[in-house]
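A short worksheet on the structure shown next.
The values are calculated or read from the model by the stated rules, or taken from the named source; none is laboratory data. Everything numeric in this text was worked out from a predicted model, so none of it was measured. Cβ placement follows ideal geometry from the backbone for every residue including glycine, while neighbour counts extend to all protein chains displayed.
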Amino acid sequence: MHVSLPFGPFKQAGTFDGQVIRVGETDDTVAVHLRQTDTIHTHLHASPEVARKLAQHVLGPTNHVHGTGTWFRNGNGTWELKSFKIADFELLSEEQLSEVVRNIRKTNGRQWNEVPDPVKLLIEHRRDDEEVQ
């Protein structure tokens, strides 16, 4: 049996998706827990400012949080997240993909091949829709 040496810490930018289920102060940062189906991410924390904004969405829609994680590789070769500092987040749309495609086809479907950057256009449309709500 081959045993690897543990390595770390490694810091890497990343994201998590999940429903905010807890926001609570522990020290100079605020602990945030996200539920992603059957997994609860507990090693997340945010500044008080970001935490106040996230707290408005407790038990609400799915959030996409951005930040930097601190990881270690254990002796058995698996990676373990020690902490994740949330820098920012965005709410994910609850709209079904089929509905998004249907709406796109109604508005710009015939000229789709003429659009130089369709992904950029989709993102802009989604942001416009979110601002209207």
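Filter segment 1-37 for residues that are farther than 16 Å from residue 68 by Cα, more than 16 Å from the chain's Cα centre (by Cα) and exposed (fewer than 13 other Cβ atoms within 10 Å of the Cβ) and give the result. Let's see the steps before the verdict.
Start the filter on segment 1-37 by keeping residues that are farther than 16 Å from residue 68 by Cα, which leaves 1-7, 18-28, 35-37.
This time we only want the ones that are more than 16 Å from the chain's Cα centre (by Cα), so: 1-7, 24-28.
Residues satisfying the conditions are 1, 2, 3, 4, 5, 6, 24, 25, 26, 27, 28.
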Flag if residue 98 is without any contact (Cβ under 8 Å) to a residue 24 or more places away in the chain and over 12 Å from the mean Cα position of the chain (by Cα)
yes
Looking at segment 7-28, I want the residues that are assigned to a strand (DSSP E or B) and have a partner that is loosely packed, with under 11 Cβ neighbours inside 10 Å with Cβ atoms under 7 Å, at least 6 apart or on another chain. Which pairs are those?
19/59; 21/59
Answer yes if at least one residue in segment 47-58 is hydroxyl-bearing (Ser, Thr, Tyr) and more than 14 Å from residue 89 (Cα to Cα), and no otherwise.
no
Is at least one residue of segment 83-90 in a loop (DSSP other than H, G, I, E, B) and either touching a residue at least 12 places away in the same chain (Cβ under 8 Å) or not assigned by TED's automatic domain parsing to the domain that holds residue 16 (or both)?
no
